Each structure stands twice: as C-alpha cells, then as structure tokens.
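Values quoted throughout were computed directly from the atomic coordinates according to the rules given, and no laboratory measurement underlies them. This structure is a prediction, so every number in the text was calculated from the model and none was measured. Counting neighbours? That spans all protein chains shown, and the Cβs are built from the backbone with ideal geometry, glycine included.
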Amino acid sequence: MTHVTACDVAGQRRWRRVYTVGDHRSMTAAARLLLLCSLLVALEGCAARRARHAAAAAAAAVPKPEVVEVAKPPRPPVPASPVTDQFAFRAGYYLGSAATQGRVDQTTPSSTGTPFSLEDDFRISPQAHQLRVEMMFRMRDRNRLRVDMWELNRNSVTSPTRDITYGGNTFTPADSVRSRFDWRQIDFTYTYSLLRGERYELGLGVGLHLLQAEAEAQVSASANRPTAVDEDFSGAGPFATIAIDGSWRFTRRFAFSARGQYLRLHVSSLTASLNDYHADVQFRWRPNVAIGLGYQSTQTRLEVASNATNNGFMRLDLKGAELFLRTSF
C-alpha cells in the first residue's frame, strides 16, 4: 500500500492546473483567436513606445539652430532747427519805418514844451534801414539767453512847420534847425522752455533792456536870431520786461519762430515801457546755415521827470520786415 502525503496532493493539484492552462488542445477556437489578438495588440503597443522613445532621443541629439537677432536700423538724426540749436548768431538787415514823438520841457524856470513829431515837424526821414545783430546761447536743454543789439541814428536840417517850444527856446518856421535823434538799445532775454519736443519749443522768461536816447536841436545865429541855440534832451537806464518765446519746425527744413515782450517800469526819475513783437520763417539751407524773412514791431517810450537841464519824453515806434542770415550749431 502506497502512502500519499498532503504535499503530494498539493503538487499534483498544482501541476494539473498548469497542464490545463497550457494545454491548448483543450481550448476552443474562439479562445485561441482572442489570445492571439491580445498578444498582437501588446506587441504593437511595445513597438510604438520604442519608436516614440527613439524619435525623442534622435530629436534631443540634433543641435538646435542658433537664433540670430537682426539689428534694428539706427534712428535717423533729428533735423537741425531753432529747437535743437545750442548757439546761434544772426545778422539781419531791417527795412522798417519809424515814427518819433517827443516833448522837451524846461526845468528852470519850469515850462512845458510843445509835443512834436520828428518826421512831420523836423522832416527827419521815417526810413529805419539798419543792420541788426542777435545771439542765442542754450544752457542745458531748456534754458536760453538771447542778446540783441541795435541802434538808430537820424538827422536833418530844415525849418519847422510851426512854432515849437523846445526846452527854453521856441523854434519858428523862419529858423533853420539842425536836428539829430539817436537811439541805442541792448536787450538780454532769458527764457525757460516749459514745453519742448523734437519739433516745438515754448518758453517764458524775463528781459533786461538798456536804453539810451538823445535828441538835439541847434540853430545858428542869424539876422532873425542873434544868438545861437543848442537844446539837448537825453535819458538812459535799464528796465525789465516779461517775455514769451516759441519755435516750431513744421517741415524738415522750414521753421517758424515768434516772440513777444512787454512791461512798463518806473525807476527813480525814469519811466520806460517796451512792446516788442517778432515773427519769422526760416529755411535751413545747410545744417548750420539758415536764411529767413521776419517782421518786427517795437514801441518804446522813455520819460525823464527830474533832470538838471531838461525833462520830457521820447517815443519811438518801429515796424517793418527783416531779411537775415543765421548760423548755428
């Protein structure tokens, strides 16, 4: 009699299960087909994963092309104009007309003179053709200093059209009067540009003006006047104005500039007032050279109230066109 243990029974059962599962002969055709399809799908998935990994490895091995940045073209320079100028020198010829009024009073004894017109009563030419000079200095970007210098000298020899009391003497139509009128002026104007761009600039500031005016009338001795006469009136002094100054470049070569100044000031025995307006259009012929045409209108009054010899006032009105040449950098 053969002895069978529990281990023998378990081993026989295990091998029976394996034999049953591995015995394809006992499987149906449908089961075999299903098993074959599952194996094919599994093999295909493995092949696809291996292909993806190989493609990723190949892509990683290929060096990436370098990105070359294309440099942007440089920005064209800003065209030269009054907005960009650091220094400018302008010389112009003024084709203007003058109207001069005045009155010369005697101090001791006190007497009031006759108001007169140099152009109408003493026949001084109203033409005011003169050379003018202007300089501009730019200090930093928004600070500018402008300096103007000009003078007007006129004289004539004629008989007045009516009796005119000039200081302590009276000139009549029978007198041959040699008259002279000189006016000198230097202007310093500082402006700060509140608005400034590549094409425009607008500034506000103050101006300091140095004036000197002198009017003289002489009559030589004659049968009608046994003694010669020499009457002189003069006054000089500084005074200030409020200024506005602007420029606009409206094309690459053309620019428009305008400015104005005004104030009335009383200092000691001197009273002065100034109205000055200017506008011009300039063409930039070269980066450092411009030619232009402008219009200038100036009204100046100088009054002396306490003088050792004569008191009175002189008023000069100028207006006209100006042709100028301007150099700058």
For segment 65-187, take the alpha-carbon Rg, divide it by the Kirkwood Rh, and send me Rg/Rh. 1.40
J(HN,Hα) series, segment 324-329, from Karplus relation 6.51 cos²θ - 1.76 cosθ + 1.60, nearest Hz, glycine and proline x: 9, 10, 10, 10, 7, 7
Per-residue Cβ neighbour rank within 10 angstrom, fewest leading, Val157, Val219: Val157, Val219
For segment 87-328, what does the relative contact order come out to in percent, with C-alpha contacts under 8 Å and a separation of six or more? 20
Using Cβ contacts closer than 10 Å as the measure, can you line up Phe87, Phe239, Phe188 from fewest to most? Phe87, Phe188, Phe239
Find, among the trypsin sites (Lys or Arg not before Pro) in segment 70-156, those assigned to loop by DSSP (not H, G, I, E, B) with at most 13 other beta-carbon atoms within 10 angstrom. Arg140
From the residues Tyr166, Pro226, Ala240, which one has its Cα farthest along the dipole of segment 140-242 in the positive direction, the dipole being from +1 and -1 charges on Cβ of Lys/Arg and Asp/Glu about the Cα centre? Ala240
Show the residues, 5+ positions off or on another chain, whose built amide H is closer than 5 Å to the amide H of Glu119. Thr100, Ile124
Express in % the proportion of alpha carbon pairs of segment 87-328 at distances exceeding 26 Å. 45
Rank the residues Thr191, Thr170 as a footprinting-exposure proxy: fewest other Cβ atoms within 10 Å of their Cβ go first. Thr170, Thr191
